[in-house]
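Please read the structure below before turning to the comments.
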Amino acid sequence: MNTSSSPSFWNLFAPIQPAPSRPPALAAWFTPARAHAEPPPCTLHFDPDHVFWALQDLPVLEARTHFLILGVIGSGKTVTIQLFLQSIAPRFCLGAPTPEQLIVFDAKGDMVSLLDALGLPPSAGQVWLLNPFDARSAVWHLSEGVRTPALARFLAQLIVPEEKHSSAPYFTDAARELIFATVLALNHTAPLRWTLRDLLCALDSLESIAAVTARHPRAHQLAARILGDDKHAPSVLSTLATKIGPLESVAALWHTNTSGRRLSIERFLAEPGVLILGHDPVLRDSFWPINALLLKALTQEILRRPNTPDVRHWFVLDEFRAMQRVECIHDLLNLGRSKGASVLLGVQSLEGLIEVYGEQVAHDLLSQCAHKVLLRAGGPKTAEWAERFFGKVRRLENVVTHSWGPGGHSVSVQQALQERALFLGSFFLDLPLPRPGQTYVAVCDVPSRQCIAILRRPFDDLLAWCRRPSGVPNVVPRSDEDQVLLSWTLEEQKFFCGGLPPVRPQPATTQLVLPGTDGTNVSLPSRRREH
């Protein structure tokens, strides 16, 4: 069939705009002669009514339907997200007419210098860096995120995840229950004042757990069930020690932090601001429980607020899989729209998302982002999902039949209604990886334009649009000494334990009890140092 005679198929796609040649510099990009032919995109010239997505300006209210960019490493995700950030960065400067906030996940450790180049330096009062290993980081008191029993239970599950295939689940279940009971007691003793360090010190020994929980009736009952079991309690404490160990460095760094900045969620949401969530693949177990709890607390606070037709809270979560399981993301995508929340998810592959969330939830997360940019796929499952997402088209096709017989040659033409995939999965597997001097290709679902767009543009054009990161260091490292957790002082011990001070052994005899291979217990010295 001659497709040129049937334009209906190609009308499904947006027209491809010709791309100008690479400019010598940003300042020379839009000459007066070009101004009428191609207006400057809002990634270069801020427009409060638009955002830059899918290489075009979209109405800002479309941001409430959320964004997804899916592509393998090196497919152009970072550049696409940077252009998006450039189009919204001025919204978070002090003096903005309405308070809007940006919550961004620093997946690659380069966000500080990029935001500095966009006019949001780390020294600005509205920019909050939450990376305990950075000397400029603010401190967030954990007590603000677990003010209710439900959030206390959520924290306990983050620290001690369920081990579904364990042959002895009692020990992890009991350790989780001790954390929950201890948080209940701390909320009663020092509401909104206790820190992560206080929680770890309270969980340091069976005696301290008993003394802290004794000050709250329900916490005492929950802890007593486990602590009263002399046979298994030491093993529960050993399990607990292995789970809270990765958090010791974070607790110590926050305790010794000298920046003088303390993050308050309510105050942050009341003013223009930026919150940078730190990340380090080597220290992932130390980071992700804190980030998950903070996002949960932010989401709950946003969902408590009145409905608004405007976008107020921008979440940019590149390399989303690296955040581990973010339980609140479903509520943020589903319910956050009416509260002014906009979410951008950057994902490398569907396979990786399924590994963290399971197949049903992973598909649900992708479907909740209306504006999608699909780059080169890295695996068959991702490509198959893309083929199914764009679906099929029905079209009349000519079926030509040739026959030969005694009467000679005859030709018959019949029309048949056929269903064809709009894109084959192999199309996404074969999309090029953009390089300088080559072409950036993306397939975009843009509901606000009522079209599917195949974008082709010289990658040099996109690179020329991108601001260069500044020379501000992305991390100002803390000293190793600051990462060693300090035990409670006698005054702190008395405050949290009340009239029942725990019997705390001397440093030389402080022990952790671990089960040995021969069925006996092995004692290890504590790693903490005293004041």
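The values are calculated or read from the model by the stated rules, or taken from the named source; none is laboratory data. Just so it is clear, the structure is predicted and the values come from calculations on it, not from any experiment. Counting neighbours? That spans all protein chains shown, and the Cβs are built from the backbone with ideal geometry, glycine included.
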Requested in this report: With respect to residue 150, determine if the residue is at pLDDT below 95, within 25 Å of the chain's Cα centre (by Cα) and part of a helix (DSSP H, G or I).
Outcome: yes
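Being hydroxyl-bearing (Ser, Thr, Tyr) and buried (at least 22 other Cβ atoms within 10 Å of the Cβ) narrows it down to one of 342, 338, 367, so name that one. Don't jump to the end; show me each part of the working.
On the way: 338 fails: buried (at least 22 other Cβ atoms within 10 Å of the Cβ); 367 fails: buried (at least 22 other Cβ atoms within 10 Å of the Cβ).
Unique residue meeting the criteria: 342.
Inside segment 59-75, can you point out the residues that are surrounded by 22 or more Cβ atoms within 10 Å (Cβ to Cβ), in contact with a helix residue (DSSP H, G or I) (Cβ under 8 Å, 6 or more places away or on another chain) and more than 13 Å from residue 343 (Cβ to Cβ)? Steps first, answer last, please.
Restricting attention to segment 59-75, the residues satisfying the condition of being surrounded by 22 or more Cβ atoms within 10 Å (Cβ to Cβ) are 63, 66-67, 69-71, 75.
Next, only the ones that are in contact with a helix residue (DSSP H, G or I) (Cβ under 8 Å, 6 or more places away or on another chain) stay: 66-67, 69-71.
Those that are surrounded by 22 or more Cβ atoms within 10 Å (Cβ to Cβ), in contact with a helix residue (DSSP H, G or I) (Cβ under 8 Å, 6 or more places away or on another chain) and more than 13 Å from residue 343 (Cβ to Cβ): 70, 71.
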Query - Test for residue 460: is it of a type in the set (Asp, Glu) and either under 26 Å from the mean Cα position of the chain (by Cα) or assigned to a loop (DSSP other than H, G, I, E, B) (or both) - result: no
Query raised in the report: Looking only at segment 195-234, which residues are without any contact (Cβ under 8 Å) to a residue 60 or more places away in the chain, in contact with a helix residue (DSSP H, G or I) (Cβ under 7 Å, 6 or more places away or on another chain) and not aliphatic (A, V, I, L, M)?
Result: 213, 216, 218, 220
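Taking residue 155 as the residue in question, decide whether it is closer than 30 Å to residue 274 by Cβ and at pLDDT 95 or above. Reasoning before the result, please.
Working: closer than 30 Å to residue 274 by Cβ: yes; at pLDDT 95 or above: no.
Against the criterion (closer than 30 Å to residue 274 by Cβ and at pLDDT 95 or above), residue 155 does not qualify.
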Query - Residues of segment 259-309 satisfying the condition of being among the β-branched types (Val, Ile, Thr) and in contact (Cβ under 8 Å) with a residue 12 or more places away in the chain - result: 265, 274, 276, 290, 299, 302, 308
Query raised in the report: Taking the condition out of contact with any Leu (no Cβ under 8 Å at 6 or more places or on another chain) and crowded, with 19+ Cβ neighbours inside 10 Å, does residue 110 pass?
Result: no
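Let me confirm something: among 349, 403, 410, 426, which residue is surrounded by fewer than 16 Cβ atoms within 10 Å (Cβ to Cβ), of a type in the set (Gly, Ala, Ser) and closer than 27 Å to residue 80 by Cα? Steps first, please.
Numbers: 349 fails: surrounded by fewer than 16 Cβ atoms within 10 Å (Cβ to Cβ); 403 fails: closer than 27 Å to residue 80 by Cα; 410 fails: closer than 27 Å to residue 80 by Cα.
That would be 426, the only listed residue that is surrounded by fewer than 16 Cβ atoms within 10 Å (Cβ to Cβ), of a type in the set (Gly, Ala, Ser) and closer than 27 Å to residue 80 by Cα.
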Report summary line: Only one of 226, 244 is within 24 Å of residue 483 (Cβ to Cβ) and in a helix (DSSP H, G or I), namely 244
Query raised in the report: What strands (runs of 3 or more DSSP E) lie completely within segment 326-410 and have 3 or more residues being free of Cβ contacts under 8 Å to residues at least 40 places away in the same chain?
Result: 392-405
Query raised in the report: Across segment 449-474, which residue is surrounded by the fewest Cβ atoms within 10 Å (Cβ to Cβ) among those that are within 22 Å of residue 44 (Cβ to Cβ) and in contact with a strand residue (DSSP E or B) (Cβ under 7 Å, 6 or more places away or on another chain)?
Result: 456
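Residue under question is residue 98, and the condition is that it be more than 15 Å from the chain's Cα centre (by Cα), touching a residue at least 12 places away in the same chain (Cβ under 8 Å) and surrounded by fewer than 17 Cβ atoms within 10 Å (Cβ to Cβ); does it hold? First the steps, then the outcome.
On the way: more than 15 Å from the chain's Cα centre (by Cα): yes; touching a residue at least 12 places away in the same chain (Cβ under 8 Å): yes; surrounded by fewer than 17 Cβ atoms within 10 Å (Cβ to Cβ): yes.
Against the criterion (more than 15 Å from the chain's Cα centre (by Cα), touching a residue at least 12 places away in the same chain (Cβ under 8 Å) and surrounded by fewer than 17 Cβ atoms within 10 Å (Cβ to Cβ)), residue 98 qualifies.
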Requested in this report: Out of 183, 112, report the one residue that is more than 30 Å from residue 496 (Cβ to Cβ) and part of a helix (DSSP H, G or I).
Outcome: 112
